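Reviewing the structure listed below.
The values are calculated or read from the model by the stated rules, or taken from the named source; none is laboratory data. Keep in mind it's a predicted model, so treat the numbers as computed, not measured. Cβ atoms come from the backbone with ideal geometry, glycine included; neighbour counts cover every protein chain shown. All accessible areas refer to the heavy atoms of the entire protein, side chains included, with ligands and DNA or RNA removed. Shrake-Rupley method; radii C 1.70, N 1.55, O 1.52, S 1.80 Å.
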Amino acid sequence: MAKQTTVYKRCECPDQKRPKKGGCKHSWSYNYTNSKGNRTRGSVPNSVGLSEAQAQSILEDIDAGVAPRVTEARVTFETWAADWFSRRRAKETSVEKYEIAIRVHLNPRWGRERLNAIEKRHVEAWVKEIEANDEIAGSTGDGHWKVFQMIMKDALQNGKITTNPTYGVDGPYVGQSTSYVFTPEECWAIYDEFPERYRVIPMIGFACGTRQAEAFAVCEDVVDWDRQLLTVRRQVLTTKETRYKRLLVERLKTSPRLNSKVVPAPSYLLEALAEHSTRHPPRTAETVLWEHRKQIADCERGSARAYFWTPRNNLMSRNYFNDDLWKPTLLKLGIKDKDGNLPTFHDLRHTFISTCLQNGIPEHTVAAWVGDTVEEIRRTYSHLLKDHGETHGALAAGLTARPKTPSVLAVA
């Protein structure tokens, strides 16, 4: 550092030289000459809330010849969000959600704001705006909030701001989601009415609680006929990452936290699969042996014999299944929710989870079967877990009841 002056404040806060709780929240600054001989301004690191003497003491501890990071007062949210986005290495589907959140919602609201001008009160007001906007679903608003949090945390870690305005702010309220729970009669009516070539797919949904893309990807090698188990470890993906080509990818939605999950396969499902494979023998398909933080194009390839194919000899497509098979079947059967909407395939998964919980299967067991965390199960199905008090209350109360026989413990 060629030249160093005393610290000073550039703000107009009345108590800038004697900060106190709720007072000045700006950093201390100082002027110095950089390596090119130009006079510029620097920010004293971690000086928010410090007195002038404390800030000067930090400045004096800085080694000679080493200039702290120059304060970039004009960095906007839009500029930093683009920088943050360029460094993401998440799954392609997650990156797409980040891009949409930034482009559609965050930049229009925060794009021109300077990072260091965004305060906690502004963020709190924005959260209320999200909650009051009927056009933004609770889950969508929560997704935007989480991306905003990540960007601001990254700005703090990279020295672009001195405090994170999202700390201590509760995100948008997300109400409890409502899902349709099929009755056993409805599940079997769907199976009976479904086109014969594909009727096993919805059965996998209500019998094993798989996601739709996981049911499409069931192959010959994941069925343990002797132990009556189904191992779920693949999806049929059709995304920008796959160039919109249907591919069998050995990756679950929750990867890399979970590589596979093992679910009990009921005897009726195994019988239906055996009959299906007799009428429609499985065919060999290329699989992507996905590795964490690798692009699909860079992953090794394998092969597996898939059960489900379209009439055009392609792997099953979400659009074809939903529009040509699922919706016509539900319309014919007259199955609708209370608002008159058609339930989705994902509601078969909710049906499986709800049925398991209502019949006393422990939540950690159900979580392992469906690939969710226990916390997610509790958050989504808390209304069902409350019933356990009535179901198992008497048993729990009896565990610590006074023994009927006299105690053999001696009284000291």
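Find the residue count for the stretch 130-153, including only residues that are modelled with pLDDT under 90, open to solvent by 50 Å² or more (accessible area, probe 1.4 Å) and in a helix (DSSP H, G or I).
4
Among (1) at pLDDT 85 or above; (2) surrounded by 13 or more Cβ atoms within 10 Å (Cβ to Cβ); (3) not charged (D, E, K, R), which single condition is residue 384 missing?
The failed condition is (1).
Going through the stretch 108-129 one residue at a time, which ones are among the basic types (Lys, Arg) and open to solvent by less than 80 Å² (accessible area, probe 1.4 Å)?
Step one: list which residues in the stretch 108-129 are among the basic types (Lys, Arg), which gives 109, 112, 114, 120-121, 128.
The answer is 109, and nothing else.
Starting from residues that are in a loop (DSSP other than H, G, I, E, B) and at pLDDT 75 or above, keep the ones in the stretch 32-44 and report whichever is nearest to the chain's Cα centre (by Cα).
Here the residue is 44.
Within the stretch 334-368, restricting attention to residues that are outside any loop (DSSP other than H, G, I, E, B) and β-branched (Val, Ile, Thr), which residue is farthest from residue 192 (Cα to Cα)?
Restricting to residues being outside any loop (DSSP other than H, G, I, E, B) and β-branched (Val, Ile, Thr), the top hit is 365.
Is it the case that some residue within the stretch 316-333 is open to solvent by 40 Å² or more (accessible area, probe 1.4 Å) and outside any helix (DSSP H, G or I)?
Among the residues of the stretch 316-333, not one is open to solvent by 40 Å² or more (accessible area, probe 1.4 Å) and outside any helix (DSSP H, G or I), which makes the answer no.
Please go through the stretch 55-107 and give me each residue that is at pLDDT below 70, surrounded by 12 or more Cβ atoms within 10 Å (Cβ to Cβ) and of a type outside the set (S, T, N, Q), ordered by number.
Correct list: 62, 67, 68, 70, 72, 73, 91, 92.
Looking at the stretch 288-303 only, could you name the residues that are under 25 Å from the mean Cα position of the chain (by Cα) and either open to solvent by less than 90 Å² (accessible area, probe 1.4 Å) or among the polar types (S, T, N, Q) (or both)? Spell out how you get there, then give the answer.
Narrowing the stretch 288-303 to residues under 25 Å from the mean Cα position of the chain (by Cα): 288-299.
288, 289, 290, 291, 294, 295, 296, 297, 299, listed by residue number.
In the stretch 273-314, how many are assigned to a helix (DSSP H, G or I) and in contact with a Pro (Cβ under 6 Å, 6 or more places away or on another chain)?
Qualifying residue count, the stretch 273-314: 0.
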